[in-house]
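Beneath this line is the structure, given in C-alpha cells, with notes to follow.
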Amino acid sequence: MTVGTDSSHITQRSFDELGTPLRDVTFCVLDLETTGGNRDEDMITEVGVVKVRGGECLGTFQTLVNPGRAIPPQIAVLTGLTDVRVAPAPRIEAVLPSLLSFLGDAVLVAHNARFDTGFIQAALQRAERPAWSGTVVDTVHLARRLVRDEVPNCRLGTLASRLRLDHQPSHRALDDALATTDLLHLLIERAAGLGVLGLDDLVSLAKIGGHPMAPKLKLTSDLPRSPGVYSFRGAGERVLYVGKATNLRQRVRSYFGSDDRRKIGPMLRETQSIAHVPLPDPLTAEVVEIRMIARLLPHYNRRGTTANKYCYLRLDTESAWPRLSIVKNPATQGLHLGPLPSRTMATLVQEALHTAVPLRRCTQRLGRNHTAPFDAPVCSAAQLGVAHCPCSGTADPADYAAAVEQASRAFRGDPAFVVERLRERMSALAGQQRFEEAAATRDRLSALLGAVRRTQLLDALGHVRHAEVTHRDTTWIITDGHLSDTRTSSALTSALSIAPLGSVTAGVPVAREHADEALCLAKFFDKHAARLAVTCSGTWRFPISSTERIPPLERAA
C-alpha cells in the first residue's frame with residue numbers, strides 16, 4: 001500500500017454546503033481494478049486514488065488487493081495483475097480503514113462512478129461497515145454533456161487520447177485515476193462557460209447539461225444561493241413566470257433538467273433574461289411572490305392567478321329561514337366560510353352541511369310571516385326526510401332554529417355535530433357495502449374540515465392587528481393581516497415596496513384578492529407557533545386547534 005502526500009497541503013478543508021466554490025472543494029478521484037463486473041460476486045484487485053484541490057495534487061493512495069479468488073485469464077491479460085502478484089497483498093477488509101481515512105469528507109470522483117462506488121459499497125457491506133454516503137461526481141456523465149460532439153465515445157481511453165490529457169489510462173488503478181483527474185479539470189474548465197462555479201452546479205450538470213436549452217444556463221451565473229424571488233422574462237422584459245426559492249441558483253437551474261412540466265419547455269424557449277429579488281428568508285420570498293404574481297399575472301403561472309374564481313359559502317342568519325348559498329363576494333351580514341379556492345370545494349362543503357343538518361334547499365325568499373298556500377308542494381328533499389320545507393308550511397320554527405344553530409357552530413369553528421353525523425353516515429354506507437357513496441361522504445367531510453380550518457386561520461390572523469414576530473434573527477412586522485416589513489440582524493428589507501392586496505379584520509371575511517397572502521402568513525405562524533417570539537397589540541391565537549382526523553373507510557371482508 002502506498003500513500004503519497006504533499007506536506008504543504010496536509011490539512012484538508014471540509015465543506016458544509018454544496019454551494020462551495022469549486023476551487024475550494026477537495027476531490028478524491030477513485031479507480032478500481034476488479035476480477036469482473038459483478039459487484040456481488042467479483043472482488044477488488046487494486047485501488048488507486050488521487051486527492052486534489054484547486055488544481056493541485058494533495059496526495060495519492062495506491063494498493064494491490066488480494067481478492068481471495070482466482071483472477072480470470074482475460075482480466076489478467078487486460079490489467080497485468082496475476083494471482084501471484086496479488087497473493088501477498090492485504091484483503092479489502094484490511095484496506096478499507098486507511099482508504100476511508102484518505103477519502104475523508106472529500107467529493108468522490110470516478111469515471112462510470114456507479115461501477116466503482118458499487119464495489120466499495122459491497123465491500124463495506126461484507127465488512128459490516130456503514131455504507132458510504134458522500135457526494136459523487138461522475139466524469140462519464142459530465143463528458144457526455146460537455147464534449148460528446150468532439151469524441152466518438154466517452155470511454156476514458158478515448159477521451160484521454162482525443163483531448164490530449166497529460167496522463168493516459170493503462171487499466172491500472174492509479175494510472176487511470178490520474179487520467180480521470182486530468183479529465184475532471186478539463187471538464188470543470190468547459191463547464192465554467194455554462195455558469196458552473198460551485199459544487200452544486202457541477203453535481204446537477206449531469207442532468208441539466210443535455211437539456212436543449214442548456215446554452216441559456218449562462219443566464220443563471222449571477223444568481224445567489226440564498227432566498228428570493230425569480231422571474232423568467234421574454235422579449236421586451238415581459239414577465240413569463242414568477243417563482244420563489246430558498247436557494248435561487250439551485251431552483252432556477254433545476255428548470256433545465258429535473259423539471260419536466262409540460263409548459264417549461266415553451267417558457268424556456270421564450271426566455272431571454274432571468275431577474276431576481278434577493279430576500280432575507282423564505283417566508284418573505286413567498287409573500288413577495290404572491291404579490292408579484294397577483295399584479296403581473298404571468299402567462300406561465302397558474303397558482304396565484306385564480307383569485308377571481310374564489311368564492312364563499314354563506315349562511316344568511318339574518319333571514320327568517322336561513323339557507324346555504326355559494327356567493328362570489330361576502331355579504332355584510334350572515335356567516336361565511338372562505339374564501340374557498342373553487343366552486344367545486346364550496347359545493348362539497350355545502351353538501352356536507354346539507355347531509356348533516358336539515359336546512360332548506362329551495363331558493364325562494366321567505367319572510368318572517370310567510371304563509372304557505374293550502375296546496376303548496378313539498379320539496380323532494382323534505383319528502384325524503386333530509387330537509388325542512390318552510391315554503392310548504394310544514395317546517396317547525398323551533399326545529400329549524402336548532403338546525404340553523406348546528407350549522408352556525410360549524411361556521412364558527414365547531415363542526416363536531418356535523419362531523420359526527422357524517423361519520424355515522426359513512427359507517428352506515430360502508431356497512432351496506434355502498435362504498436362509492438361512503439367515499440363521496442368522506443370527500444364532503446374532508447372539504448368541510450378544510451374549509452373550517454382555512455376560515456379559522458384567516459380569522460386568527462384578523463385578530464392580530466399589529467405584531468412583531470421573531471424567529472432567530474428574523475422579525476416579521478404584521479399590520480392588519482399583511483406583511484409590512486421584514487427585519488434581520490443586518491437590515492430592513494426593501495422588497496416589500498410591492499404593496500399588499502388587502503387587509504384582514506377580525507370577524508370580516510377576507511377579500512378574495514388577499515386570501516393567498518393571508519393564508520401564507522397564517523399557516524406559517526400556526527406551524528411554527530412554538531418557536532416564535534411575539535409582541536402583539538391584538539390577540540395572538542396561534543396555534544389554532546387542529547382539525548379532526550378523518551377515519552379510513554372500513555371495507556367488509
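The values are calculated or read from the model by the stated rules, or taken from the named source; none is laboratory data. The structure displayed is predicted, hence computed values, not measured ones. Here the Cβ is made from the backbone with ideal geometry for all residues, glycine too, and neighbour counts use every protein chain on show. Accessible surface areas use protein heavy atoms only, side chains included; no ligands, DNA or RNA. Shrake-Rupley method; radii C 1.70, N 1.55, O 1.52, S 1.80 Å.
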Which value, in debye to the nearest 20, gives the size of the charge dipole of segment 126-217 about its Cα centre, when Lys and Arg are +1 and Asp and Glu are -1 at the Cβ?
-> 280
Using a Förster distance of 35 angstrom, determine the FRET efficiency expected from the C-beta separation of Ser161 and Gln272, and round it to 0.05.
-> 0.30
Rounded to 0.05, the calculated FRET efficiency for the beta carbons of Glu468 and Arg303 at R₀ = 35 Å is 0.75
Over the chain, what percent of the accessible surface lies on carbon and sulfur atoms, probe 1.4 Å?
-> 48
Whole-angstrom gap from segment 77-118 to segment 292-354, using each part's C-alpha centre | 65
Under 5 Å from the placed amide H of His111, counting only residues 5+ away or on other chains, we find Thr139
Using a simple charge model, +1 on the beta-carbon of Lys and Arg, -1 on the beta-carbon of Asp and Glu, nothing else, what dipole does segment 70-134 show about its Cα centre, in debye to the nearest 20?
-> 80
Find the centroid of the Cα atoms in segment 181-234 and in segment 39-60, then give the distance between the two in whole Å.
-> 27
Run the quick spin-label model on Ala440 and Ser325: label points 7 Å from Cα toward the beta carbon, then report their separation in nm to one decimal.
-> 2.6
Per the helix-only calculation at 222 nm, which mean residue ellipticity applies to the chain, given -39500 (n - 2.57) for every DSSP H run of n ≥ 4 and division by its residues, nearest 500 deg cm²/dmol?
-> -11000 deg cm²/dmol
Return the aspartates and glutamates within reach of Lys244: Cα separation strictly under 12 angstrom, same-chain partners fewer than 8 residues apart disregarded; answer none if there are no such residues.
-> Asp281, Glu286, Glu289
What does the accessible area per residue of the chain come to in Å², with a 1.4 Å probe and no ligands, DNA or RNA counted?
-> 49
Check the straight Cα-Cα distances from Lys309 and name the lysines below 19 Å, setting aside those fewer than 8 residues away within the same chain.
-> Lys328
The answer for the net charge of residues other than Val510 whose Cβ lies under 13 angstrom from its Cβ, with Lys and Arg +1 and Asp and Glu -1, is -3
Hey, if you put +1 on the Cβ of every Lys and Arg and -1 on every Asp and Glu Cβ in the chain, which of His185, Ala173, Ala401 ends up farthest toward the positive end of that dipole?
-> Ala401
Among (i) 26.2; (ii) 24.5; (iii) 29.1, the entry matching Kirkwood radius over Cα pairs in Å as calculated here is (iii)
Identify, among Ser204, Cys520, Pro224, the residue whose Cα sits farthest towards the positive end of the charge dipole of the chain, taking +1 on the Cβ of Lys and Arg and -1 on the Cβ of Asp and Glu, with the dipole about the Cα centre.
-> Cys520
The chain - charge dipole about Cα centre, Lys and Arg +1 at Cβ, Asp and Glu -1, debye rounded to 20 | 1620
Dipole of the chain (Lys/Arg Cβ +1, Asp/Glu Cβ -1, origin at the Cα centre): which of Thr34, Ser489, Leu335 lies farthest to the positive side?
-> Leu335
